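**Q** One structure is given below, represented as structure tokens, and several questions about it will come after.
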Amino acid sequence: MTISWLQAALLGLFACLCSNSCMAGQAVGNYTIGRPLVGGLVCGIILGNLQLGIACGVAMQLVYIALVTPGGTVSADVRAISYIGIPLAMVAIASQGLNPLGGSAANLAKSVGTLVGTVGTVLYYAVATMNLVWQSFGWKDVHSGKLDKLTAVNFGWPWISHALFSFLPTMLLTYYGSTAVTALRNALPMDGVAMKTLFTVGGMLPCVGIAILLRQIIGRAADFIPFLVGFTLAASLKLNLVSVTVISLLFAVIMYEVEMAKASGSEAATNGPSNSDDEEDI
């Protein structure tokens, strides 16, 4: 598999759309098409291998499933993972002749995505730093009363930042990186130490993503029970994701009903003494 200039340019365009507010915006851009799960679908369509693109996107999404950016703090840029890491992982998997749905392909995709995430962080801060220049223009327009020029600050000038630090790096890295990945395949055999190390590290990376997610939503030891039941069902009964999702929905309904019953009981206990006093007065 190779990546042409046109395909690389399209990947660069989507990398811009993931963050530029004048196009897709935050909800659709950063939090939808910018995520590896959706980015894998887009990359699969652009590169002409839908199955491989989705498989790489699913594998990388597990690693970054709990990634958030509070206060602009970015540990890894999922846009670079989606539109640089996934295409390069697709090239690596195709050049190695791996089964797209196999464990080795998923582990290789996770390793490539993790390496690219650090590069994306540098590009993210480069865009944010250059956008400060356009904001200084905006403050001058505000002080001079030229509020009509703020549209260019919000929806025009940032395109320059994204062209320099999103579009061009994505296009160049995907185009020339595919050649480097192919050369790496020729230099490193599948049964070598380097490739086995990549597969091993990639197999452990989803544990990090799941652990971060659990840390955010679990407050007590009993909260682990629904998750352990889901993993147990998937491992013992070989249930797919849809089946486990339905079972988790049942757990959610049961827990909701229990909490509502507790709330109703507490309210009845609070109102109980006052009602009995009224009856005695009558």
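The values are calculated or read from the model by the stated rules, or taken from the named source; none is laboratory data. Bear in mind that the values here come from a model prediction, so they are computed numbers and not experimental data. Cβ: placed from backbone, ideal geometry, glycine included. Neighbour counts: every protein chain shown. Areas reflect the complete protein model, heavy atoms only, side chains present, ligands, DNA and RNA absent. Shrake-Rupley method; radii C 1.70, N 1.55, O 1.52, S 1.80 Å.
**Q** Not counting ligands, DNA or RNA, and with a 1.4 Å probe, what is E259's accessible surface area in Å² rounded to the nearest 10?
**A** Solvent-accessible area, nearest 10 Å²: 100 Å².
**Q** Taking θ = phi - 60°, what integer Hz values does the Karplus form 6.51 cos²θ - 1.76 cosθ + 1.60 yield along region 230-245, in sequence order, with x for Gly and Pro?
**A** x, 5, 5, 5, 5, 7, 8, 9, 6, 6, 8, 5, 5, 5, 5, 5
**Q** Between M255 and V28, take the C-beta separation as r, use R0 = 30 Å, and let me know the FRET efficiency to the nearest 0.05.
**A** With a Förster radius of 30 Å, E is 0.45.
**Q** For S136 paired with T118, estimate the spin-label separation in nm (one decimal), with each label point 7 Å from Cα along the Cα-to-Cβ line.
**A** Between S136 and T118, the simple spin-label model gives 3.1 nm.
**Q** Report V58's accessible area, 1.4 Å probe, all protein chains in place, as a number in Å² to the nearest 10.
**A** 70 Å²
**Q** At a Förster distance of 25 Å, what's the computed FRET efficiency of Y125 paired with A9, Cβ-Cβ distance as r, to 0.05?
**A** The value I calculate is 0.55.
**Q** Turning to a different aspect of this structure: With label points built 7 Å along Cα→Cβ from the Cα atoms of F155 and Y176, find their separation and express it in nm.
**A** Result for the modelled spin labels: 3.6 nm.
**Q** Then there's this: Based on the mean of other beta carbon atoms within 10 Å per residue, what is the order of 89-100, 129-140, 32-43, most packed first?
**A** So the order, starting with the most tightly packed, is 32-43, 89-100, 129-140.
**Q** From the phi of every residue in region 97-113, what ³J(HN,Hα) in whole Hz does the Karplus formula 6.51 cos²θ - 1.76 cosθ + 1.60 yield, where θ is phi - 60° and glycine or proline is x?
**A** x, 7, 6, x, 9, x, x, 5, 5, 5, 5, 5, 5, 4, 5, 5, x
**Q** Could you order Y124, Y176, Y83 by accessible surface area, starting with the largest, using a probe radius of 1.4 Å? Intermediate results must be reported in sequence, preceding the final value.
**A** On the way: Y124 65, Y176 130, Y83 0 Å².
Order by accessible area, largest first: Y176, Y124, Y83.
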